[in-house]
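Student: Next up is a structure, given as structure tokens.
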Amino acid sequence: MNRKIKRITCLILAAAMSAAASFSAFARPEWPSDTGIMAEAGIVMDQDSGAVLFGQNIHLPFAPASITKLLTALVVIENSKLDDMVTFSQSAVYDVESGSGNKLHMETGDELSVEDCLYMLLLLSSNQAANALAEHVAGSREAFVEMMNDRIKEIGCTESHFANPSGLNDDNQYVSAYDMALIAREAFNNETLLKIDSSKSYSIGATANNPNGASFNMEHRLIMAEDTSSQYYCEGTMAGKTGYTSIAGNTLVTLTERDGRRLIAVVLKGTQPQYYLDSKSLLEFGFANFDNINIAEHETAYTTGEGPVQVGAKSYEPSDLYLDSVAVITVPKGAAFSDADRDLVTELPKDHPKGAVALVEYRYNERKVGSAWLFSRSELAEIERQEQIARSNAAQQESPSETPASVQPQDSEKGFHMSLPTILLTIAAVLAVVAAVGLGFYVWREKKREKEELARRRERRRQRLRESGVSEEEFERLRRERFGDRSGRDER
């Protein structure tokens, strides 16, 4: 009898738990999707959390046109000084696609600062400025393009490739909406780039064909629109970039901020003027349907309690741990922080912040909605202590040391003697062998790392394509079809 009672009790408890789980899942708000655009591809992403709020064909390749210049500007700013002087070469001015224009009539030998060129690049979309900046930073456009493609790998892009700094037509220049949103997010996190790209007008000094200087305005209509009755008015729009070629169609990147929230919209293969309205629709959808929740203010699993917290192979006291104070998750309106699922990632990339011991990632119905670095106060203090010791040692090594003249090499008790030149040659030979071995190991390790990184990127691309329902063969076919015609012109 007792066994029957226990069985019945267990069944009731199991049913209750199942019902509770079902109710919890039912109570969690669904992810909104009641929007769409006329352009072939588009995305709206939260700038702060990185959450994709809506996407249409976001993992397919498209020609980017001049929105490429956001990446160009980022690489330039990270590798030069604003007051550096840039000289426009014959190639920078005239080696551009026929019909792509020269809006300020730049001439060979013109000199402007990096800052002036960046304003021309982002506000006026000058192809000549893109070429001149690339040559200034890397020595050639080809070398600069390598820097561009290396940079997008660091950002996490796996579906894109760039072939020039301007965005003009090229068979090997393509980008997905998802990757372009990642690039824009990285670009807008750069304060210098955001300041320039948020400007509505700018003036440069004298050039050969502009002896009195020249002034120009931002071309992005959603940024420039101030009349609330205009179809292009979009409250809070602060930065972005336009693009157009005959192959790419109209492309657009837009950053908009309202009530502390910042959203990025990307539109690819659009038409004029619909691509502006598509971008506006994406942004309005994002602001109307989602909220951001601060992680540090709500997450208690790692920073509270009395017992130790296990992070990977190490244990920490909760008082030693703290979360990134500005990190957020993005969830549908009405959802609670507890509705998001949590994962602790302890295998961190090499460029993780100092003192970080893990990354806490959040998902909502299997969608990535944000993450926060988990820091250890004690490990951060130890890193800073070691850095201070290294700085002190470096300073001591740089200080001139004096060797008393009376100190002379002494023979050993057995009469063994090596001349100073012999000692130096021996040391040099040993160092050469060590260097050769070290170089060989380094080359082997780098090749292995590159193969592993390539495999990971391919796997991530396969995963994204599977999620989108597109095969790799279809991806490659679409890419070849879209970039087979190289004739065209870039007007923005």
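Student: For segment 214-248: of the residues being in contact with a Ser or Thr (Cβ under 9 Å, 6 or more places away or on another chain) and open to solvent by 80 Å² or more (accessible area, probe 1.4 Å), which is farthest from Val175 (Cα to Cα)?
Tutor: Selected residue: Ser215.
Student: For segment 477-492, which positions are at pLDDT 70 or above and either under 24 Å from the mean Cα position of the chain (by Cα) or not in a helix (DSSP H, G or I) (or both)?
Tutor: Within segment 477-492, Arg479 is the sole residue that qualifies.
Student: Scan segment 363-372 and give yes if some residue there is in contact (Cβ under 8 Å) with a residue 40 or more places away in the chain, buried (at least 18 other Cβ atoms within 10 Å of the Cβ) and either of a type in the set (Val, Ile, Thr) or outside any strand (DSSP E or B) (or both), otherwise no.
Tutor: Yes, segment 363-372 contains a residue that is in contact (Cβ under 8 Å) with a residue 40 or more places away in the chain, buried (at least 18 other Cβ atoms within 10 Å of the Cβ) and either of a type in the set (Val, Ile, Thr) or outside any strand (DSSP E or B) (or both).
Student: State which residue pairs qualify: first residue under 17 Å from Val357 (Cβ atoms) and of a type in the set (Lys, Arg) and inside segment 377-400, second residue part of a helix (DSSP H, G or I) and at pLDDT 85 or above in any location, beta carbons under 8 Å apart, and separation of 6 or more residues or different chains.
Tutor: Sorted first by the residue in segment 377-400, then by its partner, the pairs are Arg377/Asp320.
Student: Hey, can you tell me all the residues within segment 201-213 that are open to solvent by 50 Å² or more (accessible area, probe 1.4 Å) and either farther than 19 Å from Met238 by Cα or free of Cβ contacts under 8 Å to residues at least 60 places away in the same chain (or both)?
Tutor: Ser203, Ala206, Ala208, Asn209, Pro211, Asn212
Student: Something else now. Considering only segment 81-101, how many residues are farther than 29 Å from Gly249 by Cβ, in contact (Cβ under 8 Å) with a residue 24 or more places away in the chain, surrounded by fewer than 17 Cβ atoms within 10 Å (Cβ to Cβ) and of a type outside the set (Val, Ile, Thr)?
Tutor: The total comes to 5.
Student: Residue check: is Leu112 among the hydrophobic types (A, V, I, L, M, F, W, C), open to solvent by 10 Å² or more (accessible area, probe 1.4 Å), farther than 19 Å from Ile223 by Cβ and in contact (Cβ under 8 Å) with a residue 40 or more places away in the chain?
Tutor: In short, no.
Student: List, please: which pairs have Cβ atoms under 9 Å, are six or more places apart or on different chains, and start with a residue in segment 224-237 that is over 17 Å from Glu257 (Cβ atoms) and free of Cβ contacts under 8 Å to residues at least 24 places away in the same chain and end with one that is surrounded by 15 or more Cβ atoms within 10 Å (Cβ to Cβ) and of a type in the set (Phe, Trp, Tyr)?
Tutor: Note: pairs meeting the criteria are Asp227/Tyr233.
Student: Of the residues that make up segment 152-174, is at least one modelled with pLDDT under 95, over 26 Å from Leu53 (Cα atoms) and open to solvent by 30 Å² or more (accessible area, probe 1.4 Å)?
Tutor: Looking through segment 152-174, at least one residue is modelled with pLDDT under 95, over 26 Å from Leu53 (Cα atoms) and open to solvent by 30 Å² or more (accessible area, probe 1.4 Å).
Student: Now for a different question. So which of Val345, Val328, Val357, Val309 is open to solvent by less than 70 Å² (accessible area, probe 1.4 Å) and in contact with a Pro (Cβ under 6 Å, 6 or more places away or on another chain)?
Tutor: Sole residue among the options that is open to solvent by less than 70 Å² (accessible area, probe 1.4 Å) and in contact with a Pro (Cβ under 6 Å, 6 or more places away or on another chain): Val309.
Student: Residue check: is Glu257 outside any helix (DSSP H, G or I), open to solvent by 10 Å² or more (accessible area, probe 1.4 Å), on the phi < 0 side of the Ramachandran plot and of a type outside the set (Gly, Ala, Ser)?
Tutor: For Glu257, the condition - outside any helix (DSSP H, G or I), open to solvent by 10 Å² or more (accessible area, probe 1.4 Å), on the phi < 0 side of the Ramachandran plot and of a type outside the set (Gly, Ala, Ser) - is met.
Student: Same structure, new question: Given segment 314-359, what strands (runs of 3 or more DSSP E) lie entirely inside it while holding 1 or more residues that are modelled with pLDDT under 95 and under 21 Å from Glu382 (Cβ atoms)?
Tutor: Result: 314-316.
Student: Out of all the residues in segment 127-158, which are of a type outside the set (A, V, I, L, M, F, W, C) and touching a residue at least 12 places away in the same chain (Cβ under 8 Å)?
Tutor: Asn127, Gln128, Asn131, Glu135, His136, Arg141, Asn149, Arg151, Lys153, Glu154, Gly156, Thr158 - these are the residues of segment 127-158 that are of a type outside the set (A, V, I, L, M, F, W, C) and touching a residue at least 12 places away in the same chain (Cβ under 8 Å).
Student: Residue by residue through segment 270-329, note down the ones that are closer than 15 Å to Ser371 by Cβ, small (Gly, Ala, Ser) and either touching a Phe, Trp or Tyr at 6+ places or on another chain (Cβ under 9 Å) or in contact (Cβ under 8 Å) with a residue 60 or more places away in the chain (or both).
Tutor: Ala296, Ala327 - these are the residues of segment 270-329 that are closer than 15 Å to Ser371 by Cβ, small (Gly, Ala, Ser) and either touching a Phe, Trp or Tyr at 6+ places or on another chain (Cβ under 9 Å) or in contact (Cβ under 8 Å) with a residue 60 or more places away in the chain (or both).
Student: Name the residue, out of Leu104, Leu124, Leu118, that is out of contact with any helix residue (DSSP H, G or I) (no Cβ under 8 Å at 6 or more places or on another chain), touching a residue at least 24 places away in the same chain (Cβ under 8 Å) and under 22 Å from Lys195 (Cβ atoms).
Tutor: On inspection, the qualifying residue turns out to be Leu124.
Student: Exactly one of (1) farther than 23 Å from Glu219 by Cα; (2) touching a His at 6+ places or on another chain (Cβ under 9 Å) is unmet by Ala143. Its number?
Tutor: Unmet condition: (2).
Student: Still on this structure, please answer the following. Take segment 135-159 and flag every residue that is part of a loop (DSSP other than H, G, I, E, B), more than 13 Å from the chain's Cα centre (by Cα) and more than 23 Å from Leu112 (Cβ to Cβ).
Tutor: Glu159
Student: Same structure again: Could you list, ordered by first residue, the pairs with Cβ atoms under 6 Å in which the first is in segment 159-182 and within 24 Å of Ala132 (Cβ to Cβ) and among the β-branched types (Val, Ile, Thr) and the second is outside any helix (DSSP H, G or I) and modelled with pLDDT of 95 or more, at least 6 apart or interchain?
Tutor: Listed by first residue and then by second, the contacts come to Val175/Pro64; Val175/Ser160.
Student: Taking the options Tyr302, Tyr275, name whichever one is open to solvent by 10 Å² or more (accessible area, probe 1.4 Å) and either in a helix (DSSP H, G or I) or among the hydroxyl-bearing types (Ser, Thr, Tyr) (or both).
Tutor: Of the residues listed, the single one that is open to solvent by 10 Å² or more (accessible area, probe 1.4 Å) and either in a helix (DSSP H, G or I) or among the hydroxyl-bearing types (Ser, Thr, Tyr) (or both) is Tyr302.
The values are calculated or read from the model by the stated rules, or taken from the named source; none is laboratory data. A quick note: this is a predicted structure, and the numbers were derived from the prediction, not measured. Virtual Cβ from ideal backbone geometry, glycine too; neighbours counted across all protein chains shown. These accessible areas exclude ligands, DNA and RNA; they are computed on the full protein's heavy atoms, side chains included. Shrake-Rupley method; radii C 1.70, N 1.55, O 1.52, S 1.80 Å.
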